[in-house]
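The values are calculated or read from the model by the stated rules, or taken from the named source; none is laboratory data. Computed from a prediction, not measured in an experiment: that's the story for all the values here. Cβ coordinates were reconstructed from backbone atoms using ideal geometry, including for glycine residues, and neighbour counts include every protein chain displayed. Protein only, heavy atoms only, side chains kept; ligands, DNA and RNA dropped before computing areas. Shrake-Rupley method; radii C 1.70, N 1.55, O 1.52, S 1.80 Å.
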Amino acid sequence: MNGLCLGFDTSNYTTSAAVFDGKTGENRGRLLTVPEGTLGLRQSDALFQHTKRLHLMVEQLRADGVMGGIRAVGASTRPREVEGSYMPCFLVGEGQARSLASALGVPFVACSHQQGHIAAAAWSAGHGELLDTPHLAWHLSGGTTELLLVRPEGCMVRAELIGGTTDISAGQLVDRIGVGLGLAFPAGKAMDELSRNSVKKDCFTVKMSEGKFSLSGMENKIRAMAEQGAESCDVARYTFETLASVLERATVWARSVYGELPVLCSGGVASNRLLRERMEPLGAIFAPPQYSTDNALGVAILTHRWLEREGKA
């Protein structure tokens, strides 16, 4: 690989490192360990696990023969590119990236976790051109359910929040329901598989106003279903049918307001099969599942774009 860039992403639940040379990229990541029966990690615990594991991701890249001649190092330093956006877990990736860049005498490039998600999704879906043109994007994860208007801004992208949930995220909903059904956290993949055993297509009608909606009422409804003895597969299917319905309606609203823009879907929840089936008829573009979940590839891509803009690639 030539003009190689290294990227780090230490999100709330995944440690990852990736390389990108302008054409091809490789990501190595590992989920953090969450105690059985719990719904997440304290930031101090996440930070500790990242500190112990990040070097292992880099060692994997080197062992696989895809590392060498690093020209720049990047890291996600915050959840979103907005004032006040902060989570301690990102300090691990940023600190190690800055130290490595200094030791190698190469530039350090900062971006947000959300910008990295958008870049990884666009590139891995074969639509890297979206990074240079306005588009709509859904960021669907354990902490975020946001409908964004994305515009290019130099080598980066600027995401404006235009819709999404006003309380819990889609990922939180799926995890809470899944753990309540006895599944391990994070529960998205297991919930997806469970839902495939149901043929029911009914759902809860979530109220929506100008692209914004609440999922807390939906959580109460689904918990009641489970408590009343509904089959676990039907509960899982009902959860995803409801999410798919409200996301579809919000997307239709956004395109009526902002024009028939492409719609890019990223984040771990975006890997769900049913959501893809409902959104693809609207022209939605999805990353491959391995690049829908948290990863450092988007960070490495944006770092390489910065290198190209500076004429150093």
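Per residue, segment 96-241 exposes an accessible area of 43 Å² to a 1.4 Å probe, with every protein chain left in place. Can you give me the Cα centroid spacing of segment 92-142 and segment 243-258 in angstrom? Their Cα centres are 26 Å away from one another. Candidates Ala184, Ala224, Ala72 compared by Cα position along the dipole of the chain: farthest toward the positive end lies Ala72, with charges placed on Cβ. What you get for the chain, charging only the Cβ of Lys and Arg (+1) and of Asp and Glu (-1), is a dipole of about 220 debye around the Cα centre.
3J(HN,Hα) along segment 159-173, derived from phi through the Karplus expression 6.51 cos²θ - 1.76 cosθ + 1.60 where θ = phi - 60°, amounts to 10, 9, 6, 10, x, x, 6, 9, 9, 6, 8, 4, x, 4, 4 Hz, with x in place of Gly and Pro. For segment 1-157, the relative contact order is 20 percent, taking Cα pairs closer than 8 Å that sit 6 or more residues apart in sequence and dividing their mean separation by the residue count. Here the Karplus relation 6.51 cos²θ - 1.76 cosθ + 1.60, evaluated at θ = phi - 60°, turns the backbone of segment 68-82 into coupling constants of x, x, 5, 9, 6, 10, x, 7, 7, 10, 6, x, 9, 8, 10 Hz, with x for every Gly and Pro. Under the criterion of Cα pairs below 8 Å and six or more residues apart, the relative contact order for segment 157-313 equals 21 percent.
Amide hydrogen proximity for Leu4: with H placed 1.01 Å from N in the peptide plane, the residues at 5 or more positions away or on another chain lying under 5 Å are Arg71. Residues whose amide H lies under 5 Å from that of Arg158, counting only those 5 or more places away or on a different chain, are Arg151, Glu153; hydrogens are built 1.01 Å from N in the peptide plane.
Full extension of the segment from Val199 to Arg223, taken as 0.36 nm per residue of separation minus the current Cα-Cα distance, would add 6.7 nm. In the chain, carbon and sulfur make up what percent of the accessible area (probe 1.4 Å)? C and S fraction of accessible area: 50 percent. Relative contact order for segment 64-194 using alpha-carbon pairs under 8 Å, separation at least 6, rounded to a whole percent? Dividing the mean separation by the residue count of segment 64-194 yields 16 percent. Remark: accessible surface ordering of His127, His304 (largest first) is His127, His304, probe radius 1.4 Å.
Under 28 Å of direct C-alpha separation, and excluding same-chain neighbours fewer than eight residues apart, Lys189 reaches these lysines: Lys52, Lys200, Lys201, Lys207, Lys212, Lys221.
Over the C-alpha atoms of segment 240-312, the Rg to Rh ratio, Rh being the Kirkwood estimate, stands at 1.09. When each of the peptides 145-151, 226-232, 43-49, 65-71 is scored by how many other beta carbons lie within 10 Å of its residues on average, the order from highest to lowest is 145-151, 43-49, 65-71, 226-232. Can you give the % of DSSP beta bridges in the chain that are antiparallel, to the nearest 5? Of all bridge pairs located within the chain, approximately 60 percent are antiparallel.
For the chain, the spread of Cα positions along the three principal axes, ordered from largest to smallest, is 61, 45, 34 Å.
Where the eigenvalues come from the Cα gyration tensor of segment 112-256, what are the semi-axes √(5λ) of the equivalent ellipsoid, largest first, in whole Å?
Here the semi-axes work out to 30, 16, 13 Å.
For Leu181, the amide hydrogen comes within under 5 Å of no other amide hydrogen, counting only partners 5 or more places away or on other chains and with H modelled in the peptide plane.
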